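Below is one structure; the comments refer to it alone.
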Amino acid sequence: FVPGVTLVNFAMRLRATAEHIGTDNSQELRATRTVLPRWWERWIVSPLGVNYHLEHHLFPSVPGPNLGKLHTSLMQDEEFSTNAHITHGYNGVLTELMAASETAESV
């Protein structure tokens with residue numbers, strides 16, 4: 001019971017934060033992010049391709065388990081690979097958010 005209400009809750013909050021918080025809404029490819037997690041992050045936080053949130057927004061009818069293939073295909077497109085908000089690991093998400101917070105505080 002305890003892991004279910006602590007670890008699952010933490011993973012859901014981290015995933016929700018990674019999907020939309022701290023993104024640039026000025027263009028579609030920056031309005032949400034894709035996280036490329038380590039294997040253990042994928043297992044705990046983002047099973048079944050939910051880490052490919054940008055791809056999900058662009059093509060919502062693609063089933064979650066196929067979003068990784070879609071991501072690989074989209075990375076062949078220069079506009080997508082250049083402009084998409086892609087973060088490596090959930091630690092990278094937290095690093096981005098802390099940097100944005102520090103920048104906002106200094107303004």
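Just one of the numbered conditions (1) surrounded by fewer than 13 Cβ atoms within 10 Å (Cβ to Cβ); (2) closer than 23 Å to ARG13 by Cα; (3) at pLDDT below 95 is not true of VAL107; which one?
For VAL107, the failing item is (2).
Taking the condition of being within 21 Å of ALA99 (Cβ to Cβ) and of a type outside the set (Asp, Glu), how many residues in region 9-58 meet it?
Counting residues in region 9-58 that are within 21 Å of ALA99 (Cβ to Cβ) and of a type outside the set (Asp, Glu) gives 27.
The values are calculated or read from the model by the stated rules, or taken from the named source; none is laboratory data. Every value quoted in this text rests on a predicted model; they were computed, and no experiment measured them. Positions of Cβ are backbone-derived with ideal geometry, glycine not excepted, and every protein chain shown enters the neighbour counts.
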